[in-house]
Amino acid sequence: MKFMTSPSPAESPGNSRIVDYDSGFDYCAFWGNRDYEQWVEARILRRLLPRLGHADWFADFGGGYGRNAIHYRSVAKNVVLVDYSVTQLTRAAQRLGTEIAAGRVHLIRADLGRMPLIDSAVDSAMVIRVLHHMTDVDRCLTEMSRTVARRWLVDVPIKHHVLARLRSLRSGQSGQLRGPTPIITGSTEYPFYTFQLGAVRQSLRRSGFRTHTAASVNNFRRWDQVLPASLVSGLRPAVYSMELATQRLGRGWWGPSQFLLATRSRPREVSLRSLAAETPAHLSGLAERTCCPSCHGNLSWSDAAAHCTKCGRSYPRRAGFWDFTMGLPER
Ligand SMILES: C[S@@+](CC[C@H](N)C(=O)[O-])C[C@H]1O[C@@H](n2cnc3c(N)ncnc32)[C@H](O)[C@@H]1O
């Protein structure tokens, strides 16, 4: 994998490597010639997001530049988009400027394994195309789960999909596809992880969620990249129909992305933080749902920064987003 065409890993304060998309990789351009994948994901999000129920507060974990914002506008009143990448968040701030100004969307820079959100801060959430970057997926799933009160959508890159099974027959390495250990591909510098679906479901169960495999997605990934353009337009209707059929029939085994609906077994109420008198009114909803990612103390908010009243750390507002990565201690 070459540096300029791949997302880059950064060291997080907790020492886990974060693929932060900040070193020249153009994630917007990546979507330039991926009509099939765009169509597939738009379709599945339109179908599954309403099943989360209407959310007063919704989180897009690893939301990048806000590519999927169009899909949760109709199911969420307020949105928190959490990502580690300065580049993606800066872009998101430009794309979602109107909603940010209206106080409907809040952009937060944080590690998904250590977020400034209180328990059950949001009613529902989603994490799309992110887990394959996670060196410590259990820690991140536990942390994301902690902040969800009701239900969320989890896109799991699985290691045992049909194509991987066929490839493993050829290479004689089918043993790797069994068991809970993730498979690492890519390079040591830029690893990509794929998981056993059962292991991810178990991790979510430990965090208090029952899961349902709602769809197998991207079942014919890159078909339009490998075939000649002259064939692609003719085959498109057939492949799109097959995609829709396998989204249901291939649940749990066919496609590389399996979408889980995770529902909290015992619903939890959020216990909002009390607000300091000087909290700006347009930040009050966010302020009630956030805490210091380092010590979990209360934050006092101004338009320029959130300040922890317990440990004294300050988290500044940068170009349109709140930066909760600054000055965190090693864990
Ligand atoms: C492939 S992009 C997906 C973005 C978006 N969900 C989408 O579907 O377009 C992966 C995103 O995850 C973010 N990311 C990866 N690991 C993260 C972590 N540990 N904490 C926060 N963000 C992370 C990256 O910065 C990047 O924006």
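Could you tell me which of the residues Gly198, Gly175, Gly179 is farther than 22 Å from Leu48 by Cβ and either assigned to a loop (DSSP other than H, G, I, E, B) or modelled with pLDDT of 95 or more (or both)?
Gly179
Does Leu235 satisfy the condition of being of a type outside the set (Gly, Ala, Ser) and in a helix (DSSP H, G or I)?
yes
Could you list all residues from the range 123-141 that are part of a loop (DSSP other than H, G, I, E, B) and either modelled with pLDDT of 95 or more or of a type in the set (Val, Ile, Thr) (or both)?
Those that are part of a loop (DSSP other than H, G, I, E, B) and either modelled with pLDDT of 95 or more or of a type in the set (Val, Ile, Thr) (or both): Ile128, Arg129, Val130, Thr135.
If you go through the range 162-169 one residue at a time, do you hit one that is more than 8 Å from the ligand (Cβ to nearest atom) and surrounded by 20 or more Cβ atoms within 10 Å (Cβ to Cβ)?
Checking the range 162-169: not a single residue is more than 8 Å from the ligand (Cβ to nearest atom) and surrounded by 20 or more Cβ atoms within 10 Å (Cβ to Cβ).
With the condition kept exactly as written, say whether any residue in the range 250-270 is outside any strand (DSSP E or B), within 21 Å of Val105 (Cα to Cα) and out of contact with any Pro (no Cβ under 8 Å at 6 or more places or on another chain).
The answer is yes; a qualifying residue exists.
Count, please, the residues in the range 298-317 that happen to be assigned to a loop (DSSP other than H, G, I, E, B) and surrounded by fewer than 16 Cβ atoms within 10 Å (Cβ to Cβ).
The number of residues fulfilling the criteria is 7.
Do the conditions hold for Ala59, that is, is it at pLDDT 95 or above and within 15 Å of the ligand (Cβ to nearest atom)?
So Ala59 fits the description; yes.
Scan the range 19-45 residue by residue and report those that are hydrophobic (A, V, I, L, M, F, W, C), free of Cβ contacts under 8 Å to residues at least 60 places away in the same chain and surrounded by fewer than 16 Cβ atoms within 10 Å (Cβ to Cβ).
Ala29, Phe30, Trp31, Ala42
In the range 208-227, is there at least one residue being more than 26 Å from Glu37 (Cβ to Cβ) and buried (at least 18 other Cβ atoms within 10 Å of the Cβ)?
Checked the range 208-227: at least one residue is more than 26 Å from Glu37 (Cβ to Cβ) and buried (at least 18 other Cβ atoms within 10 Å of the Cβ).
Would you mind telling me which numbered condition in (1) without any contact (Cβ under 8 Å) to a residue 40 or more places away in the chain; (2) within 24 Å of Val105 (Cβ to Cβ) Cys292 fails?
Every condition holds for Cys292 apart from (1).
Among residues belonging to the range 67-90 that are of a type in the set (Lys, Arg) and either more than 11 Å from the ligand (Cβ to nearest atom) or at pLDDT below 95 (or both), point out the one that is nearest to Glu41 (Cα to Cα).
If we take residues in the range 67-90 being of a type in the set (Lys, Arg) and either more than 11 Å from the ligand (Cβ to nearest atom) or at pLDDT below 95 (or both), then Arg73 is nearest to Glu41 (Cα to Cα).
Going through the range 111-126 one residue at a time, which ones are over 14 Å from Val19 (Cβ atoms) and buried (at least 19 other Cβ atoms within 10 Å of the Cβ)?
Those that are over 14 Å from Val19 (Cβ atoms) and buried (at least 19 other Cβ atoms within 10 Å of the Cβ): Arg114, Met115, Pro116, Leu117, Ile118, Ser120, Ala121, Val122, Asp123, Ser124, Ala125, Met126.
Select from the range 321-331 the residues that are at pLDDT 95 or above and either at positive phi or not in a loop (DSSP other than H, G, I, E, B) (or both) and write down the one among them that is surrounded by the most Cβ atoms within 10 Å (Cβ to Cβ).
Ranking the candidates gives Trp322 first.
Name the residues in the range 110-128 that are within 18 Å of Arg139 (Cβ to Cβ) and near the ligand (Cβ under 9 Å from one of its atoms), would you?
Within the range 110-128, Ala110, Asp111, Leu112, Gly113, Arg114, Met115, Val127 meet the criteria.
For Val137, indicate whether it is buried (at least 24 other Cβ atoms within 10 Å of the Cβ) and either in contact (Cβ under 8 Å) with a residue 12 or more places away in the chain or near the ligand (Cβ under 8 Å from one of its atoms) (or both).
no
Working carefully through the options Ala262, Ala199, find the one that is surrounded by 17 or more Cβ atoms within 10 Å (Cβ to Cβ), closer than 25 Å to Ser124 by Cβ and touching a residue at least 60 places away in the same chain (Cβ under 8 Å).
Only one candidate qualifies: Ala262.
The values are calculated or read from the model by the stated rules, or taken from the named source; none is laboratory data. Computed from a prediction, not measured in an experiment: that's the story for all the values here. Methodologically, a virtual Cβ is constructed for each residue, glycine included, from the backbone with ideal geometry; neighbour enumeration extends over all protein chains shown.
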